[in-house]
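Here's the structure, in structure tokens; my notes come after.
The numbers here are math on the coordinates, done by the rules we state, and not lab data. Keep in mind it's a predicted model, so treat the numbers as computed, not measured. Neighbour counts run over all protein chains shown; Cβ positions are idealised from the backbone, glycine included.
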Amino acid sequence: MRVLHTSDWHVGRTFHGRDLLRDQEAVLGGLADLVSDERVDVVVVSGDLYDRAVPSGEAVETCVRVLSRLRAAGAEIVVTPGNHDSAARVGAFADFASAGGLHLRTRISRLHEPVLIDDEHGPVAFYGIPYLEPDPARHALEASADVAGAAARVEARTHAAVLTEAMNRIRADISPRGEQVRSVVLAHAFVTGGDSSDSERSIAVGGVEDVPGSVFGGVDYVALGHLHGPQRLDEHLRYSGSPLAYSFSEAAHRKSVWLLELDAGGLSGVERRELPVPRRLATVRGTLEDLLTAAEHTEHEDCYLSATLTDEVRPLEPMRRLQERFPHAVHLEWQPEGGRATAPLRYSEAVRGRDDQTIAKGFVADCRGSDPTESERLLLQEALRAVDIAEVRR
Ligand SMILES: [Mn+2]
């Protein structure tokens, strides 16, 4: 059996205000070609299908088109929700979807019930662990202890405790099925040793967010979601990472999916398949004039750009001017080099002995390089007087 492991689609996410839906649909829809070219039997999506608990109508439509393409290419699909998803919404039509080959595994009380998919060697059991927020998950696990025939108490309010209980239930389901059953677990968690980036939302509880990899023993493969960089923690324990970069900290990532091969004895191979990059990311630094003219930046003209300006005086309308050369410049910082602005000035010293009018005038001059005009001066005066009156009244 061939299984494609992906996660953290975050459909509907924007990048510094830019809509990514078309890029997401292009990359994710492209997975359908991989499914047919590589004769993939099952696609597993380990959480963060959407970027938000209540995705937009366009995001839902995009996601449905992508899933339909994967199914039409010949794969069954198993999905679990991540910390960005609403489990109830993702799983809304689970029983109906399942009849069409889309298995939405969103319920904690049923995480020990596998999706069974056969190959020539017998069944492969796919278990989906929905993202487990420690406190509510603990209660849901305790409430479903009868159904699962499991421990009635989950002692600690930690990710490790609830995932340990989830895995105990899964192992208890696997063992009576016998040797010939192979197993794949989907989980959305921060496993110790993984590398994070700037685009995952922290799941720390009491300062702790990671769980040891040993929690996931006893199964053939664990398809992890949550961390956005593709990584291998162990042969059978991997993150696929997100299909697109969602922060500048991911500029060096090569986004990819894992392609697993299961034979009669379990996991027999894992290959990496890199994904196309709709638009590269670049980070540049220099004076505005430099960035606008230097030939070395020609290669960045079509990238999503994060620029750090080093001008001594903050240039006028820097973003508008940058975008004339770099239409996809989306982030800007100003870190003056060598100028007086680099010397940290304590606020109390900066304002000592100066009246409000002078301070406001100085602020305009500092930001813009020229004093306020007569009409601006009158506006400032009016604003300051209004604040004075409001303060007297209070
Ligand atoms: Mn994520």
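Computed quantities for the displayed model
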{"quantity": "Segment D198-A383, length gained on full extension (0.36 nm per residue, minus Cα span)", "calculated": "62.6 nm"}
{"quantity": "Extension gain from A252 to A88, taking 0.36 nm per residue of separation minus the Cα-Cα distance", "calculated": "55.5 nm"}
{"quantity": "Neighbour-count order for M167, M1, fewest beta carbons within 10 angstrom listed first", "calculated": "M1, M167"}
{"quantity": "FRET E, pair D234, L332, Förster distance 56 Å, beta-carbon r, rounded to 0.05", "calculated": "0.85"}
{"quantity": "Whole-number percent relative contact order across the chain, with pairs defined as alpha carbons under 8 Å at least 6 apart", "calculated": "13"}
{"quantity": "Gain in span if fully extended, I359 to E289, counting 0.36 nm per residue against the direct Cα distance", "calculated": "22.2 nm"}
{"quantity": "Kyte-Doolittle mean at least -0.5 and Cα axial length at least 15 Å: DSSP H helices in the chain", "calculated": "21-37, 57-72, 159-174, 356-368, 374-393"}
{"quantity": "Cα centroid separation - segment 109-137 against segment 63-90, whole Å", "calculated": "15"}
{"quantity": "Theoretical ellipticity at 222 nm over the chain - DSSP helices of four or more residues, -39500 (n - 2.57) apiece, nearest 500", "calculated": "-9500 deg cm²/dmol"}
{"quantity": "Two-decimal Rg/Rh across the chain, once Rg and the Kirkwood Rh are taken from alpha-carbon atoms", "calculated": "1.11"}
{"quantity": "Per-peptide average of other Cβ atoms within 10 Å, ordering 130-136, 372-378 highest first", "calculated": "130-136, 372-378"}
{"quantity": "Selected from D371, D263, D48 as most flexible by GNM, with the chain as the system and alpha-carbon contacts under 10 Å", "calculated": "D371"}
{"quantity": "Euclidean distance of C-alpha centroids, segment 247-304 and segment 1-25, integer Å", "calculated": "14"}
